[in-house]
Every structure is written in structure tokens, then in C-alpha cells.
Ligand code: SAM
Ligand code: DTB
Ligand code: SF4
């Protein structure tokens, strides 16, 4: 007679521990910190579970960036190459003509991007700039691309005219926790940023808002940023998580880089607290190897900036990204199978 080995229910429980319940919003900073403090494997596993409840884990959204007005900015954001407060060696350029923007948008579409994001180094757009930027929105949209802009602070009227032009997304980052914000930016307040997000939301434009890590902030600050974003009602449709690209000449040029696994944790916590948002693995990818980027995608990132340039710094070449996505069996959103 053969004996069949049986496994006791106790042994099963030991091999498959039940995860502790996860808090749901509104998020207290300490709840978010508790997520950050989970064992790394548990955190990434949970983030992947949440991701799979809402998204196809093998699909990725690609956005391409273009700087439509570069440098000479009046703001003093301590990480930025474009601030006139610091000598970064960047050459300032005027607002681009519409036809040059369209040429770049066509090229982005041909490379596979589904969204075209236009950025301007402004505190906020001037009345005289609005006509040209709304024309850009109309004409880029007519090419069959989703449109996104990041132009600094917007009042309600400016947000409404961008909506009328057909703008799909507006990017305006909270950047960091309210408690760390003053160490990085002095020329506009946290409340100014929240007011802009409110104007964008009220105009009916999708909100894209995230932040930067690796600016010398603590884990509590990272948790504070995520709690702020997750508690927006509703939370943003898109959340870019940037890893600081250190720019010589800026106050943050020599900050100690963040531990890559802490960066992955930030992605995972954004995914868990904002289950349906597109978490964008944003600036800083050029210094990440393929394995680290794959880990970020496992932790719930499902969007990247695609194209050889971000705004003033470089991004991985499109060929490298295409090969990475192919090796990971990822499909590009909007491109069929
Ligand atoms: N001037 C507009 C504004 O600040 O609202 C739009 C452009 S601004 C460059 C967009 C975002 O890029 C910033 O809010 C910041 O989060 C991110 N960013 C800028 N410089 C960066 C850097 N060196 N490393 C990582 N992210 C950066
Ligand atoms: C965002 O969160 N990251 C992008 C986009 N929104 C506009 C910008 C990254 C900029 C990186 C530094 C540079 O190229 O100047
Ligand atoms: Fe200007 Fe935007 Fe750079 Fe701040 S982040 S200095 S507002 S371009």
C-alpha cells in the first residue's frame, strides 16, 4: 500500500501567511509610512496584486515630452536646470512656433507615443501666450495624440481655455511633502500648487501630479507627498514619480542619491494608495539599469516618458526602451497586440 503524504493545515498557514489588512483612504501619513515599512517582498507583492486588479500588468503607456519654452524661469525650484536663479549653463529659448511643435509631435507619434506632453519654463502663462498654446493643443490633438501641458500655475480662466482647446491632461507636481517643500522652493507656496490642481480639476481636465524623490528628504517626507496626492478628491489620473536628476549649479547638485530600493518602495506605495492611477516612472531612468526598471514596473509603474530627451536632460534612447519592453513582453497602450 502506498502512503500519501498529507500536509497539515498548520504547515500550509506557515507557507502562505495572510497579509495584514491594508488601510484605505483617506490616508494618514503614518498609514503610508507603515506601507513603506513593510518587508520589501511583501510590499512589491501587494503593489503587484493591486496593479493586477485594475490594469493589464503587461501593458504600458508611453508619453513623449517636448520643452516648448526653455530656461530663464523666474521660479527658484532648487532641482531645476531652468531657473534663472542658478547658473546651470542652460541657454534660454523663446516659446516655440506651432509648426516646430507639430513636427516633434508627428515624430513622437511615429515612434509609438500615445500622449504628447508640452512643458514651458514659466511661473504661469501670460495672457499673450495663451493663444499660441491653445493652438498647439488643438493641432496636436488633430494628429490623433492625447495632449498634456505643464506651464506652471493656472488660474480658473486659463484652465478653462485649455479645456476648450481640448487639453486632455495638465501636469503640475506637488514635488514633495508640505514639511520639506520650503527647503526646495521659495517663490511659490504649496497652497499655490493645490489651487492650480483645483482649477485644472474644476475645468474638467485630467490631473497629472506627482513629485521628485532623492532630494535629501526623509522617508516620512516621501510618505507625506504620497498622502497628499492620494487624498486629493479624486486622486490624480496620472502620478509621475521622478528620481532627481542632479543638475550642476543648482542647490541640489550634490545631494546623496536615494537607495534604488527605496525608489521602488515609493512606486509601490503610490500604486497601493492610488490603485487606478497611471504611475509614471519618470525622470532618472537613464541612470537605472534594466533590472531596476523591471522592478519598478513590477511594483506598479505602468507609464514612462519615451523619447531621447526629457525637457533639458536626456532619457534612455528609444531603441533601448523598445528592446527593454520587448524583453519584458510588454505591450504599448494604444498599439493593439
Ligand atoms: N515650469 C512648470 C512647473 O514647474 O510647473 C513646468 C515644468 S517643470 C520642469 C515640471 C516638473 O519637472 C517639476 O515640477 C519637477 O517635478 C520635474 N523636474 C524638474 N527638474 C527635475 C530634475 N532635475 N529632476 C527630476 N525632476 C525634475
Ligand atoms: C514630470 O513629472 N517630469 C517631467 C514632466 N513632468 C514635465 C519633467 C522631468 C524633467 C527632468 C529634468 C529636465 O529634463 O529638465
Ligand atoms: Fe521654473 Fe518649472 Fe523649473 Fe520651477 S520647475 S524653475 S517653475 S521650469
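Every number here is computed from the coordinates shown, using simple stated rules; none is lab data. Keep in mind the model is a prediction, meaning the values are calculated, not measured. Glycine also receives a Cβ, built like all others from the backbone with ideal geometry; neighbour counts cover every protein chain displayed.
Please go through region 215-255 and give me each residue that is in contact (Cβ under 8 Å) with a residue 60 or more places away in the chain, within 13 Å of residue 283 (Cβ to Cβ) and touching a helix residue (DSSP H, G or I) at 6+ places or on another chain (Cβ under 7 Å), ordered by number. Passing the criteria: 215, 241. Among the residues of region 73-83, write down those that are in contact with a strand residue (DSSP E or B) (Cβ under 6 Å, 6 or more places away or on another chain) and surrounded by fewer than 19 Cβ atoms within 10 Å (Cβ to Cβ). Within region 73-83, 76 is the sole residue that qualifies. Take the residues in region 269-316 that are closer than 22 Å to residue 220 by Cβ and more than 13 Å from the chain's Cα centre (by Cα), then tell me which one is farthest from ligand 1 (Cβ to nearest atom). Taking the candidates together, the pick is 272.
Scanning region 70-80 for residues that are near ligand 1 (Cβ under 9 Å from one of its atoms) and over 18 Å from the mean Cα position of the chain (by Cα), we see that the one that is farthest from residue 126 (Cα to Cα) is 75. Every test in (1) surrounded by fewer than 24 Cβ atoms within 10 Å (Cβ to Cβ); (2) more than 16 Å from ligand 2 (Cβ to nearest atom); (3) touching a residue at least 60 places away in the same chain (Cβ under 8 Å) is passed by residue 271 save one, and that test is (1). Residue 149 meets each of the listed conditions (1) over 30 Å from residue 249 (Cα atoms); (2) buried (at least 22 other Cβ atoms within 10 Å of the Cβ) apart from (1). Please go through region 194-229 and pick out each residue that is assigned to a helix (DSSP H, G or I) and touching a strand residue (DSSP E or B) at 6+ places or on another chain (Cβ under 7 Å). Correct list: 197, 200, 201, 222, 225, 229. As a summary of the residue check, residue 234 satisfies the conditions (1) within 16 Å of ligand 3 (Cβ to nearest atom); (2) surrounded by fewer than 21 Cβ atoms within 10 Å (Cβ to Cβ) except for the one numbered (1). Between 210, 182, the distinction of being more than 9 Å from ligand 1 (Cβ to nearest atom) and either over 20 Å from residue 33 (Cβ atoms) or under 19 Å from the mean Cα position of the chain (by Cα) (or both) belongs to 182 only. Filter region 230-239 down to the residues that are in contact with a strand residue (DSSP E or B) (Cβ under 7 Å, 6 or more places away or on another chain) and part of a loop (DSSP other than H, G, I, E, B) and list them by number. Within region 230-239, 236, 237 qualify. Of the residues making up region 149-176, those that are touching a residue at least 60 places away in the same chain (Cβ under 8 Å) and either more than 15 Å from ligand 3 (Cβ to nearest atom) or farther than 24 Å from residue 231 by Cβ (or both) number 1.
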